[in-house]
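Here's the structure, in structure tokens; my notes come after.
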Amino acid sequence: MNRLARLVVLTLALLCLFTIGAGAAVVRLLPARLALFQMPRVAGPPLVAPGATLPAASGAAKGGASAAGVAASLSGIIGSGYLGRSNGVLVTDLATGRVLYSLNATAGLTPASTTKLATAVAALDILGPAARFTTAVRLGATASQLVLVGGGDPTLAAGPYPPADYPQPATLRSLAAATAKALRAKGVTSVRLSYDDLLFTGPEQALDWPAIGAPDNYITSGNVAPISSLEVDQGRLIANGKPEDADDPGNLAPRSQHPGLDAARAFVGFLRRDGIAVRGKPARVPASAHGPVVAEVQSPALAQIVQWMLSESNNVIAETLARQVALATGRPATFSGAAAAVMAVDRRLGVTGIDIHDGSGLSPADLISPQALVGLIALAAGVRPTGSVSPAHAGLRPTITGLPIAGFSGTLGPGSFFGPFDTAALGTVRAKTGNLTAVATMAGLAYARNGQLLAFAFMANQFASKRGLLVENTLARLASALADCGCR
């Protein structure tokens, strides 16, 4: 026993030493100022007089960056020729709105997935960060006829996700269990099931997306599923054709071609597992063909859904949220109606320079200016495009907290297209990324070496495909330069 006790004590001591050493190593890898990281505050006294416009910076505020200093840090990288024939850049001091660098800042450029910033801001503003989406089972014409009704929950899953995943989505498995319990309470053990996926209308993919059958079609290449108000796991499938039941952005297998039907089939399987016999095959029914609620499940809060969307650049979530914005503003829940709704909400909030045709940025016809992207970032951080503080928009903050973190998470994490980042940027740059053929973009925040928060948008269009990921690497170099910038 004495020998065993000594062995246990020695083992614990070694583990403590290892933990302390590992912690010290991580600290050395990160910029010292990371410990002082402060996100922009939503509330506070005005930082500039209300109604002021973004002035061109002629010099640095006390202790702050100057336009000349920022230009010295960025110009060599921008002038390298790696950013294509059409590009735009805007950098501002987030607190004051002062422009520190501007290149084609008002020009409309293809934004790719930075479009999701426009969708996030519009959804949070019009729906509220606490909004949830409901998937329900309702009675049909009789007590033994059920209708599975999709409410446009973009995170609905078939079965449970791995316990470590956050947030945990609502599942058809739990909906089936609640339904079976309600049916047994009424003595019903055999039913027919129909489904309603008609909340959204119009085509299932945008007109300017590559057509079904094209080699670069977004659905068959695993980038998106047909947009439906009833689907599970964003249409992701495993080899046997069943829903994946995991949040796996790396699954680029072809998505479900009929997500509503696939969801209904999965629900049938769960009902049978819970002891309810299901007769026949699921059929689609119109929205008017169902009655009282038997059971329902709700999505995570919109704030969590937006963070999920931005972190992994989830196209299905983006398109679904854009349709929810359309419904909330009285527009058709179609691609065109959703795009019009997002633009209208953002324009009402003071952000112009947005001309989009979808909610995800997959459309090569989308156009957004660097000024609009910086305006969306500033608005979500609690600063108006004029530079004044706007406590009224505190609900937009998940747009900021959902941004990937350089070197750590989402599309800026290790092994992503965008990077590598210099040490100065690790943990201090948060940004939304985007890339399509001949398009690479990045927009977000950099916490600079001198203590300033800088808002930025870098947009590169029309570059040769032979450059591979060199353009994305160049955008990471620009963000790193801002994070390492004293810039006086």
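Laboratory data are not the source of any read-out in this text; all were calculated from the coordinates shown. Remember, it's a predicted structure, so these values are computed and weren't measured experimentally. Reconstructed Cβ throughout: ideal geometry from the backbone, glycine too, with neighbour counts over all protein chains shown.
Distance from a point 7 Å along Cα→Cβ of Arg348 to each backbone N in the stretch 289-327: keep the residues under 17 Å and list them by number. Taking a point 7 Å out along Cα→Cβ of Arg348, the residues of the stretch 289-327 whose backbone N falls under 17 Å are 322-327. Taking packing as the residue-averaged number of other Cβ atoms within 10 angstrom, the listed peptides 111-117, 401-407, 136-142 run from highest to lowest as 111-117, 401-407, 136-142. For the stretch 330-488, what class follows from the C-alpha gyration tensor (a ≥ b ≥ c being the square roots of its eigenvalues): rounded when a/c is under 1.5, otherwise prolate if a/b is larger than b/c, else oblate? Verdict is oblate for the stretch 330-488. Amide H contacts for Leu199 (H built 1.01 Å from N in the peptide plane; partners 5 or more residues away or on another chain; cut-off under 5 Å): Ser229. Please work out whether the stretch 134-300 counts as rounded, prolate or oblate from its C-alpha gyration tensor, where a ≥ b ≥ c are the square roots of the eigenvalues and a/c under 1.5 means rounded, while otherwise a/b larger than b/c means prolate and anything else oblate? It is prolate, given that a/c is not under 1.5 and a/b is the larger ratio.
Once each part is reduced to its C-alpha centroid, what is the distance from the stretch 79-98 to the stretch 117-181 in angstrom? The stretch 79-98 and the stretch 117-181 have Cα centres spaced 40 Å from each other. Secondary structure note: in the stretch 107-255, about 45% of the DSSP beta bridges are antiparallel.
Phi angles of the stretch 208-215 translate, via the Karplus equation with coefficients 6.51, -1.76, 1.60 and θ = phi - 60°, into HN-Hα couplings of 9, 7, x, 5, 4, x, 6, x Hz per residue; Gly and Pro are given as x.
Expected output is a single nm value to one decimal: the length gained when fully extending between Thr142 and Ala277, i.e. 0.36 nm times separation in residues minus the C-alpha distance. What is it? All intermediate terms of the calculation are to be shown ahead of the outcome.
Numbers: separation 135, 0.36 × 135 = 48.60 nm, distance 1.57 nm.
Net length gain for the segment: 47.0 nm.
List the pairs from Lys181/Lys242; Lys116/Lys181; Lys432/Lys466 whose alpha-carbon separation is above 30 Å, in the order I gave them.
Numbers: Lys181/Lys242 25 Å; Lys116/Lys181 40 Å; Lys432/Lys466 24 Å.
Distance filter (> 30 Å) returns Lys116/Lys181.
Taking K and R as +1 and D and E as -1, what net charge do the other residues with C-beta under 10 Å from the C-beta of Leu403 add up to?
Working: positive: Arg430, Lys432; negative: none.
Result for the neighbourhood of Leu403: +2.
Fewest to most neighbouring Cβ within 10 Å: what's the order for Val429, Val89?
On the way: Val429 30, Val89 24.
So the residues, fewest neighbours to most, are Val89, Val429.
May I ask for the net charge around Ala177, where only other residues with Cβ less than 14 Å from the Cβ of Ala177 are counted and Lys, Arg are +1 while Asp, Glu are -1? Let's see the in-between values first.
Working: positive: Arg173, Lys181, Arg184, Arg272, Arg273; negative: Asp274, Glu296.
Charge balance near Ala177 sits at +3.
Going by the alpha-carbon gyration tensor, a ≥ b ≥ c the square roots of its eigenvalues, is the stretch 140-234 rounded (a/c under 1.5) or, if a/c is not under 1.5, prolate (a/b greater than b/c) versus oblate?
On the way: a/c = 3.25, a/b = 1.70, b/c = 1.91.
Note, shape of the stretch 140-234 comes out oblate.
When His258, His290 are arranged by Cβ crowding within 10 Å, least crowded first, meaning fewest neighbours, the order is His258, His290. One decimal place: the segment Asp216-Ala72 gains 47.8 nm when fully extended, by the rule 0.36 nm per residue minus the C-alpha distance.
Could you compute the net charge surrounding Thr119? Neighbours are other residues with a C-beta less than 12 Å from the C-beta of Thr119; K and R count +1, D and E count -1. Please report the intermediate quantities before stating the final value.
Values: positive: Lys116, Arg323, Lys432; negative: Asp125, Glu319, Asp346, Asp358, Asp366.
Taking every Cβ under 12 Å from that of Thr119, the sum is -2.
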